[in-house]
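Only one structure is covered here, and it is reproduced in the block below.
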Amino acid sequence: MSDHDDEEPQGLPCLLSDEVTELLMDSTLPGDVFGTIVAATVMINETRGQVPGSSASAKWPEQRRMPLGQDGSLGIAEYVIVADAHPPHIVLTRVQLY
């Protein structure tokens, strides 16, 4: 067995909802917005959903929001941490652009 068997995984997979997938497939979506959304999924993955500057819902702490762009200038991304699933993962459920 490897010494790495007891280590926790580095991140959690960040899956996209159908709505977010459609948005990213839209050919009219500006490249900088596309890049910001992709960068958000990487950050969500790497931090296991605990993105600096994100906020949790008071009612559902597994539901989180994070600003997109500098100081949220592009909009908000909403995601859900599904920690009790097998395997655990995160779903980027919605992107609201300004």
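Give me the residue from segment 16-44 that is surrounded by fewer than 17 Cβ atoms within 10 Å (Cβ to Cβ) and within 11 Å of the chain's Cα centre (by Cα) and, out of that set, nearest to Ala85 (Cα to Cα). First the steps, then the outcome.
Looking only at segment 16-44, we keep the residues that are surrounded by fewer than 17 Cβ atoms within 10 Å (Cβ to Cβ), and these are 17-19, 21-22, 24-32, 34-35, 38-39, 42.
Subset that is within 11 Å of the chain's Cα centre (by Cα): 17, 38-39, 42.
Details: Ser17: 16, Val38: 23, Ala39: 24, Val42: 20 Å.
Taking the candidates together, the pick is Ser17.
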In segment 1-10, is there at least one residue being free of Cβ contacts under 8 Å to residues at least 60 places away in the same chain and surrounded by 12 or more Cβ atoms within 10 Å (Cβ to Cβ)? no
Is it the case, given these coordinates, that Val33 is in contact (Cβ under 8 Å) with a residue 12 or more places away in the chain, assigned to a helix (DSSP H, G or I) and of a type outside the set (D, E, K, R)? yes
Reported set for segment 61-87 where residues are over 17 Å from Leu24 (Cβ atoms), in contact (Cβ under 8 Å) with a residue 12 or more places away in the chain and either open to solvent by 50 Å² or more (accessible area, probe 1.4 Å) or within 10 Å of the chain's Cα centre (by Cα) (or both) is Glu62, Gln63, Arg64, Arg65, Pro67, Ser73, Val80, Ile81, Ala83, Pro87
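The values are calculated or read from the model by the stated rules, or taken from the named source; none is laboratory data. All values derive from a computational prediction rather than experimental measurement. Backbone-built Cβ (ideal geometry, glycine too); neighbour counts: all protein chains shown. These area figures cover heavy atoms from the full protein model, side chains too; ligands, DNA and RNA do not enter into them. Shrake-Rupley method; radii C 1.70, N 1.55, O 1.52, S 1.80 Å.
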